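Beneath this line is the structure, given in structure tokens, with notes to follow.
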């Protein structure tokens with residue numbers, strides 16, 4: 001039996017990185033910096049510096065990606081190469097949601113396929129876990145990566161694709 005898989009986003013040499021939006025702690029006065037570019041191999045490269053200055057401490061990149069019929073799937077699969085640091089993958093079910101649904105993952109410096117169970121994505125708003133149910137929606141409106149490990153650090157995350165299965 002084969003596992004059904006559908007792409008949420010696949011980076012290629014033709015990907016326009018401006019379809020992704022950078023949101024760093026500058027929205028609250030912080031000094032972290034980041035950008036998203038495309039490597040010569042056609043991978044997304046999310047890199048920058050997380051600063052703790054001015055009560056900052058995070059960098060993120062997000063993409064609006066309306067995907068219907070999520071109930072047919074159980075996992076998000078990330079194919080990426082990190083730098084040994086922890087990151088978050090985040091979902092929103094619709095445009096009006098203030099909370100994100102979050103799962104943390106650890107990179108190991110090698111190419112990895114990281115499988116995250118949809119039902120394990122927990123609700124979070126401004127860094128605080130909320131006392132409401134985990135992700136249980138029929139759509140995914142937004143996907144995002146965030147780094148915020150409560151320390152000053154440079155980071156680099158190379159992303160091949162994001163799928164759902």
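The values are calculated or read from the model by the stated rules, or taken from the named source; none is laboratory data. Quick caveat: nothing in here was measured; it's all calculated off a predicted structure. Every residue, glycine among them, receives a Cβ derived from its backbone with ideal geometry; neighbour counts consider all protein chains shown.
Overview of results
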| quantity | calculated |
| --- | --- |
| Evaluation of residue 74 against (1) more than 19 Å from residue 6 (Cβ to Cβ); (2) surrounded by fewer than 18 Cβ atoms within 10 Å (Cβ to Cβ); (3) in contact with a strand residue (DSSP E or B) (Cβ under 8 Å, 6 or more places away or on another chain) (one fails), failing number | (1) |
| Filtered residue count, region 37-50, keeping only those that are in contact with a helix residue (DSSP H, G or I) (Cβ under 9 Å, 6 or more places away or on another chain) and under 23 Å from residue 99 (Cα atoms) | 1 |
| Conditions (1) touching a helix residue (DSSP H, G or I) at 6+ places or on another chain (Cβ under 7 Å); (2) within 17 Å of residue 65 (Cα to Cα): number failed by residue 103 | (2) |
| Which numbered condition residue 97 misses (of (1) in contact with a strand residue (DSSP E or B) (Cβ under 7 Å, 6 or more places away or on another chain); (2) surrounded by 14 or more Cβ atoms within 10 Å (Cβ to Cβ)) | (1) |
| Only listed residue being without any contact (Cβ under 8 Å) to a residue 40 or more places away in the chain, over 17 Å from the mean Cα position of the chain (by Cα) and surrounded by fewer than 19 Cβ atoms within 10 Å (Cβ to Cβ), chosen from 55, 108, 69 | 55 |
| Qualifying residue in region 27-38 (condition: in a strand (DSSP E or B) and more than 21 Å from residue 149 (Cα to Cα)) | yes |
| Members of region 111-135 found to be modelled with pLDDT under 95 and either touching a helix residue (DSSP H, G or I) at 6+ places or on another chain (Cβ under 9 Å) or surrounded by 14 or more Cβ atoms within 10 Å (Cβ to Cβ) (or both), listed by number | 126 |
